[in-house]
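J.: My questions will all concern the structure given below.
The values are calculated or read from the model by the stated rules, or taken from the named source; none is laboratory data. These numbers were taken from a predicted model, which means no experiment stands behind them. Note that we place each Cβ from the backbone using ideal geometry, even for glycine, and neighbour counts take in every protein chain shown.
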Amino acid sequence: MGTTQSFIHLNDIHLSLESEAGVVDILKGISLNVEEGETVSIIGPSGAGKTSLMMLLGGLESSTKGEIHIAEENLSQMDEDALTQFRQSNIGIVFQNFHLIPTMSALENVAVPLEFMGDKDAFAKAEKALDIVGLKDRLQHYPSQLSGGEQQRVAVARAFVTEPRLILADEPTGNLDGETGQMVMDILFDLTRNKKLTLLMVTHDNGLAGRCDRTINIVDGVLQG
């Protein structure tokens, strides 16, 4: 494998899933290159395959056909354990619905991925990450005690705390009002650019998409343009 390969390289990615009505073709031959440090927004109508593409990039779903290379590693050839290890070391994910553990404090939620990696400084690093996103006074609060914007900032801190090379954000402002969403995205973009990370973000917000270096459009499982 040559060293000139893009940081993310997708080659003819197909994804088909079984449903009650039979096999559904969700992605139909996606090929894409993304350079390291690039910020890319993914837009398209509901059901177009945007979130499915993010799941494949995060190693949370396996493609039916094609190859996915990230950081010159072939995710398509990895088993579940290898994918988990790769994801823990290289990828941070921010979901629309926050995906915080309700029985854990903000500090514990952010420390979880570091603890999985055996990091003895997990809580110190988690506290620093929460300070960066402006939540130093919310360390011991549980998700139910936090506003939506605060919960999403906890999720952003959790995504960055492992020092990943790639951030995947799936509708990160989907459950937030406009002003709160703007604040969360300012934090997300600042962290991404300061740390020179790669960002792929699914969004329905054209203004938000326009803040990225490039926008790609998926319609009916196919890249447009």
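J.: If I ask for residues that are in a loop (DSSP other than H, G, I, E, B), within 15 Å of the chain's Cα centre (by Cα) and within 20 Å of GLU36 (Cα to Cα), which ones from segment 175-210 would you list? Outline the logic, then answer.
T.: Step one: of segment 175-210, the residues in a loop (DSSP other than H, G, I, E, B) are 175-177, 195-197, 203-205, 210.
In the following step, the residues that additionally are within 15 Å of the chain's Cα centre (by Cα) were identified as 197, 203.
Within segment 175-210, LEU197 is the sole residue that qualifies.
J.: Just one of (1) under 15 Å from ASN217 (Cβ atoms); (2) among the β-branched types (Val, Ile, Thr); (3) buried (at least 21 other Cβ atoms within 10 Å of the Cβ) trips up VAL40, so point out which.
T.: In the conditions (1) under 15 Å from ASN217 (Cβ atoms); (2) among the β-branched types (Val, Ile, Thr); (3) buried (at least 21 other Cβ atoms within 10 Å of the Cβ), VAL40 misses (3) alone.
J.: Continuing with this model, one more query. If we only count strands (runs of 3 or more DSSP E) wholly inside segment 28-117, which ones have 2 or more residues that are over 27 Å from GLU18 (Cβ atoms)?
T.: Hits in segment 28-117: 39-43, 91-94.
Residues are listed down the side, and each one gets a yes or a no for (1) surrounded by fewer than 20 Cβ atoms within 10 Å (Cβ to Cβ); (2) touching an Asp or Glu at 6+ places or on another chain (Cβ under 8 Å); (3) of a type in the set (Lys, Arg); (4) under 27 Å from GLU73 (Cβ atoms):
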{"position": "MET104", "(1), (2), (3), (4)": "yes, no, no, no"}
{"position": "GLU115", "(1), (2), (3), (4)": "yes, no, no, yes"}
{"position": "LYS120", "(1), (2), (3), (4)": "yes, no, yes, yes"}
{"position": "ILE132", "(1), (2), (3), (4)": "yes, no, no, no"}
{"position": "ASP137", "(1), (2), (3), (4)": "yes, no, no, no"}
{"position": "GLN140", "(1), (2), (3), (4)": "yes, no, no, no"}
{"position": "ALA155", "(1), (2), (3), (4)": "no, no, no, yes"}
{"position": "GLY174", "(1), (2), (3), (4)": "yes, no, no, no"}
{"position": "GLU179", "(1), (2), (3), (4)": "yes, no, no, no"}
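J.: From the list LYS120, LYS125, pick out the single residue that is over 26 Å from VAL219 (Cα atoms), more than 14 Å from the chain's Cα centre (by Cα) and free of Cβ contacts under 8 Å to residues at least 12 places away in the same chain.
T.: LYS120
J.: Determine if segment 166-174 includes at least one residue that is part of a helix (DSSP H, G or I), more than 21 Å from ILE68 (Cα to Cα) and of a type in the set (S, T, N, Q).
T.: no
J.: Further question on the same structure: For segment 118-162, which residues satisfy the criterion of being under 12 Å from VAL184 (Cβ atoms) and part of a helix (DSSP H, G or I)?
T.: GLY148, GLY149, GLU150, GLN151, GLN152, ARG153, VAL154, ALA155, VAL156, ALA157, ALA159
J.: Then there is this: Being hydrophobic (A, V, I, L, M, F, W, C) and either surrounded by 15 or more Cβ atoms within 10 Å (Cβ to Cβ) or modelled with pLDDT of 90 or more (or both) is the filter here, so list the residues in segment 1-16 that pass it.
T.: Answer for segment 1-16, where residues must be hydrophobic (A, V, I, L, M, F, W, C) and either surrounded by 15 or more Cβ atoms within 10 Å (Cβ to Cβ) or modelled with pLDDT of 90 or more (or both): PHE7, ILE8, LEU10, ILE13, LEU15.
J.: OK, next. Within segment 211-225, restricting attention to residues that are part of a loop (DSSP other than H, G, I, E, B) and out of contact with any helix residue (DSSP H, G or I) (no Cβ under 9 Å at 6 or more places or on another chain), which residue is surrounded by the fewest Cβ atoms within 10 Å (Cβ to Cβ)?
T.: If we take residues in segment 211-225 being part of a loop (DSSP other than H, G, I, E, B) and out of contact with any helix residue (DSSP H, G or I) (no Cβ under 9 Å at 6 or more places or on another chain), then GLY225 is surrounded by the fewest Cβ atoms within 10 Å (Cβ to Cβ).
J.: Quick check on my filter: what residues within segment 46-74 are under 16 Å from the mean Cα position of the chain (by Cα) and of a type in the set (A, V, I, L, M, F, W, C)?
T.: Answer for segment 46-74, where residues must be under 16 Å from the mean Cα position of the chain (by Cα) and of a type in the set (A, V, I, L, M, F, W, C): LEU53, MET54, MET55, LEU56, LEU57, LEU60, ILE68, ILE70, ALA71.
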